[in-house]
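The values are calculated or read from the model by the stated rules, or taken from the named source; none is laboratory data. Just so it is clear, the structure is predicted and the values come from calculations on it, not from any experiment. With ideal geometry, Cβ positions are generated from the backbone for all residues, glycine too; neighbour counts draw on all protein chains shown. Accessible surface areas use protein heavy atoms only, side chains included; no ligands, DNA or RNA. Shrake-Rupley method; radii C 1.70, N 1.55, O 1.52, S 1.80 Å.
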Amino acid sequence: MNERSRRGSTVRGSADAIIPPLTVVVVLLLVWQGAVSLFAPSEFLVPAPLAVARAMGESRNALLAAAWMTGSSAAIGFLIAAFIGVTLGSMLAASRFLMRGLYPIATLLQMVPLVAIAPLLVVWCGYGVRTTIASAVIVSVFPVLAATLDGMRSTDPGLVELFAINRASRVQRWWKLELPWAIPSIVTGLRISAGLSVIGAIVGEFVGAFAGDQSPVGILIVSAIRENRTDLVFAAVSVAAMVGFALFGMVSLVGWMLLRRWHASAA
Amino acid sequence: MLQRIELSHLGRVYEDGCVALAGASLELRAGSITVLVGPSGCGKTTLLRLIGGLDAPTSGRVLFHGAEGLLVQPRTAFAFQEPRLLPWRTVLANVALPLELAGVPVAERAERATAMLKRVGLGNAARKLPGQLSGGMRMRASIARALVTAPQLLLLDEPFGAVDEIARHALDDLLRSLWSELGMTVVMVTHSIVEATYVGERVVVMAPAPGRIVAEFSPQFMDRSSALRATPEFAAVTAEVLRALGEAMVEEHS
């Protein structure tokens with residue numbers, strides 16, 4: 001394949017990936033706008049997309065500041081969760097005893113609803129960004145841990161034997177074989193965690209953040225509901241979704257860069 | 001310097017009671033090339049793994065120059081039916097892996113791996129990834145990786161079983177040429193009688209249930225070039241090996 005046809009197929013591939021979802025979004029917005037115009041419900045119940053867009057425009061500074069605050073809390077929480085998840089996953093994969101002892105507990109903790117323990121985070125971490133980050137970490141750590149563990153445990157036994165034949169140390173085996181082998185699985189876990197970290201950050205903000213000159217998305221939503229500004233709630237939710245999408249996109253990009261040369265999932 | 005490998009009444013019985021190998025005895029001269037041939041389940045891979053220390057016998061011993069144990073285990077390298085290359089590493093980095101794991105300095109391992117790649121005809125593929133190579137090229141890379149540590153003993157488990165026949169002939173020639181140049185002891189497992197007869201200066205025929213050695217041949221050919229496979233003398237030796245194998249199988253069924 002020459003350079004021009006390769007570039008052509010890349011452009012076609014990008015268009016194939018973007019056009020269908022974009023079409024669906026545009027159609028849904030049109031249907032939504034049409035339904036609101038036709039049935040004219042109270043704006044408090046369902047604002048029209050154009051009203052949401054107007055609220056976005058009017059509150060753009062507050063929304064941008066909220067996106068930055070929530071996004072940075074989610075990103076920091078996500079990075080901490082990624083570190084903890086990969087480290088714990090590696091330890092569990094290395095030790096059958098640890099896996100049998102800790103994995104069921106980790107699974108059980110994952111079942112505890114975050115909203116139920118969020119008030120405790122305020123008790124432990126106090127009001128402010130630490131609670132938000134802790135909430136993001138708690139909700140996004142498990143997918144990375146599980147993906148790391150699964151990825152490492154599925155290492156090709158033939159390659160494990162190859163390393164044993166060459167008398168590789170345990171650390172060499174982890175660094176040069178198990179970790180790279182698990183990267184496709186870890187990237188999948190990180191993609192899931194990226195979206196979850198934004199949810200965790202917002203739940204943390206609901207209980208542990210406070211309003212100031214600038215408020216995070218969670219506080220903005222609570223304030224808008226108190227003021228019966230459903231259009232602003234929708235605008236804030238859209239911004240939160242965009243923050244999640246941006247994090248997801250960044251993780252996908254890093255994953256693609258790591259895997260594009262050798263793994264089918266990045267083709 | 002590896003001098004002699006002696007397999008003394010080697011047996012391997014698995015936990016489920018399956019007798020993979022029963023009382024195999026064999027003496028391998030240093031610098032020889034021996035091929036174990038037989039049908040599936042005859043214990044040839046088990047025998048190879050016992051020689052290489054990847055498995056322990058339930059009876060008998062493997063002696064290196066009259067002694068046994070890790071201290072006398074020669075520098076050993078393996079190549080398997082699957083090339084077992086790391087897909088995220090370049091071919092050069094794959095070939096250099098055993099040196100890297102042994103702590104050889106970067107410059108030295110790059111030099112040795114490059115030289116070995118050139119020797120197996122992959123000089124131009126050093127920067128490629130395994131996924132960009134054909135099956136035959138991957139096997140060459142696997143052989144290069146096995147030889148990069150200059151092993152005294154090279155153990156090959158059906159290394160060319162997954163490649164097409166033409167590529168296999170070329171790989172057989174490459175193997176013989178590397179063996180005569182580097183002088184290591186080679187033990188190879190195959191289920192192809194033609195390959196065994198062509199490659200081996202000694203052909204050990206094995207039969208299943210239980211896995212055992214049933215015959216040995218030492219094919220003497222004046223010239224081992226590709227044309228040999230089409231000669232009547234080659235056909236006669238392969239027929240003898242086939243007959244020995246057939247007789248063993250008849251014994252097993254009767």
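When region B:183-221 is limited to residues that are small (Gly, Ala, Ser) and touching a residue at least 24 places away in the same chain (Cβ under 8 Å), the one that is farthest from residue B:34 (Cα to Cα) turns out to be B:209. Per the conditions (1) closer than 17 Å to residue A:191 by Cα; (2) over 22 Å from the mean Cα position of the chain (by Cα), the sole criterion not satisfied by residue A:143 is (2).
Residues that are loosely packed, with under 14 Cβ neighbours inside 10 Å, over 19 Å from the mean Cα position of the chain (by Cα) and either within 14 Å of another protein chain (Cβ to nearest Cβ) or without any contact (Cβ under 8 Å) to a residue 40 or more places away in the chain (or both) occur in region A:175-189; there is at least one.
If the requirement is being in contact with a Phe, Trp or Tyr (Cβ under 8 Å, 6 or more places away or on another chain) and more than 20 Å from residue B:95 (Cα to Cα), which of these qualifies: A:215, A:193, A:238?
Unique residue meeting the criteria: A:193.
Being of a type in the set (Phe, Trp, Tyr) and more than 21 Å from residue A:206 (Cα to Cα) is the filter; apply it to region A:62-108 and report the residue that is least open to solvent (accessible area, probe 1.4 Å). Step by step, filter region A:62-108, then rank; the result is A:103. Taking region B:163-178 on its own, how many of its residues are loosely packed, with under 15 Cβ neighbours inside 10 Å and touching a residue at least 60 places away in the same chain (Cβ under 8 Å)? Residues that pass the stated criteria total 0.
Entry remark, region B:61-83: residues being over 15 Å from the mean Cα position of the chain (by Cα) and either modelled with pLDDT of 95 or more or within 13 Å of chain A (Cβ to nearest Cβ) (or both) number 2 in total.
Scanning region A:220-230 for residues that are surrounded by fewer than 16 Cβ atoms within 10 Å (Cβ to Cβ) and either in contact (Cβ under 8 Å) with a residue 12 or more places away in the chain or aromatic (Phe, Trp, Tyr) (or both) yields a single hit, A:228.
Being more than 20 Å from residue B:54 (Cα to Cα), in contact with a Pro (Cβ under 8 Å, 6 or more places away or on another chain) and within 11 Å of chain A (Cβ to nearest Cβ), is that true of even one residue in region B:93-113? Taking every residue of region B:93-113 in turn, at least one turns out to be more than 20 Å from residue B:54 (Cα to Cα), in contact with a Pro (Cβ under 8 Å, 6 or more places away or on another chain) and within 11 Å of chain A (Cβ to nearest Cβ).
Identification of strands (runs of 3 or more DSSP E) wholly contained in region B:29-119 with 1 or more residues that are open to solvent by 10 Å² or more (accessible area, probe 1.4 Å) yields B:59-64, B:76-79. The condition (being buried (at least 21 other Cβ atoms within 10 Å of the Cβ), at negative phi and of a type in the set (A, V, I, L, M, F, W, C)) is satisfied by just one residue among A:254, A:160, A:217: A:217. For residues that are open to solvent by less than 90 Å² (accessible area, probe 1.4 Å) and not in a helix (DSSP H, G or I), scanning just region A:257-267, find the one that is nearest to the other protein chains (Cβ to nearest Cβ). So, considering only residues that are open to solvent by less than 90 Å² (accessible area, probe 1.4 Å) and not in a helix (DSSP H, G or I), the one nearest to the other protein chains (Cβ to nearest Cβ) is A:262. So, residue A:115, is that one at negative phi, touching a residue at least 40 places away in the same chain (Cβ under 8 Å) and within 19 Å of the chain's Cα centre (by Cα) or not? Yes: the conditions hold for residue A:115. Out of curiosity, is residue A:116 more than 30 Å from residue A:74 (Cα to Cα) and modelled with pLDDT under 95? No. None of A:237, A:233 is open to solvent by 50 Å² or more (accessible area, probe 1.4 Å) and not aromatic (Phe, Trp, Tyr) except A:237.
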